[in-house]
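For reference, the structure is listed below as structure tokens.
FYI, it's all coordinate maths here, none of it is from the lab. Not measured: the values here are computed from a predicted model. All Cβ positions, even for glycine, are placed from backbone atoms using ideal geometry, and neighbour counts span all protein chains on display.
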Amino acid sequence: MRATLQSVGAVFITGQAAIAGVAVVTGSAVLTALAEIALLSAVGVVTAAARYRAFRRRYDELRREAVQSTARQRLSDDVHDLIGHELSLIGLQAGVLEMSGDPDIARRGVAIRQRSAEAITILHDTLRRIDGEPEYDDLATIVAGFRDAGARVSLTGTDPWPTEIRHAAAMVIREGLTNAARHAPGCAVDIRLSSSHAVATVEVLTDLAADSDPPIADGRGIAAQRRRLAALGGDVTARTEEGVHRLTARVPLTARRPGTASPRPARRALVAVIREAAVPVTVTVAIILGFYSWSTANSTIGEVPPVSVGTPRAQAVRALPERQSPVRLIHAPAHPAEWECRVYSNGNFPLGMATVQVCLDANRVVRVTDLSDIPLL
């Protein structure tokens, strides 16, 4: 879209230069005005068409997303039914083992049943996320879990953000704490939450020991976070400076939930195209109406001339307009030098060009010529 608009701008500038050349070479205000109207009309039409194509592409993208969402929903339902059923059977069979008289087998049955229950819980959580209805992690819970494992973690700030942003922030924090545990075990981690200028910011600062191996700035985990935040209009960066690894994520607080579509995209596209076309169309119409008003002002005599051959000069002068038509695209017939010939318009739209020639001598009207049957220049 931007490339198209740039091309249109280049064509417009080139066209203006060409129109200026026409004005200088021909000296005709009429031809210059006509060329200007044609250029503005063409630019308006091309711009509106480009805008519509852009919105139409977006509409098609939204439709494809809707189809993919439906396919994901169907897949998640199938996975839930098939794998969930099998895991439930494993839990039932483990319950049978619990009822055996052998203590060792009973303990194994309890362990299997617990693991199958955990697997079902993980399956449900995963499917809810696929369906777009995840159970969002609580930041305090994530921090508490790492503290219980022995990590030194501090948390400052609050997160009164929309649910999708809170979930994304939790994923970033979990990634940061996981990297800290892997690359700098035992080192202090400082988590900071803040909001400024309608942007939510999450920072995970890890104090690295002298022998610590800093996390990879563009590792798989960071790349996954970057894709997740990009869907919300945000970004994540990771860098190590002066012994501190800094993981920073920023997300606009007005971010739209991924996968959601604007209501009635086709209607919105049409409204946007109309809005975009309104300016060039309005300018073109204003130019046409202004030009018509100028060309017909005090130079129009109507469909039937108010004079005829033989009308006394004094009477003809009073009946004829004070001003001749400035738009003369027809060669009027030649006349003797002693005649005074004038051209007038019948009010034709949009040019108001001359359509009648009236010639007078010293005493009377000597010729009235209809110019509408004569070919244009």
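A simple spin-label model places the labels of T163 and D235 3.0 nm from each other, with each point 7 Å out along Cα-to-Cβ. One decimal place: the segment V368-R152 gains 67.4 nm when fully extended, by the rule 0.36 nm per residue minus the C-alpha distance.
Counting Lys and Arg as +1 and Asp and Glu as -1, what is the net charge of the other residues whose Cβ lies under 10 Å from the Cβ of N298?
On the way: positive: R323; negative: E322.
Here the count lands on 0.
One chain, two ends: L75 and A198. Fully extended at 0.36 nm per residue, the span grows by 40.6 nm beyond their Cα-Cα distance.
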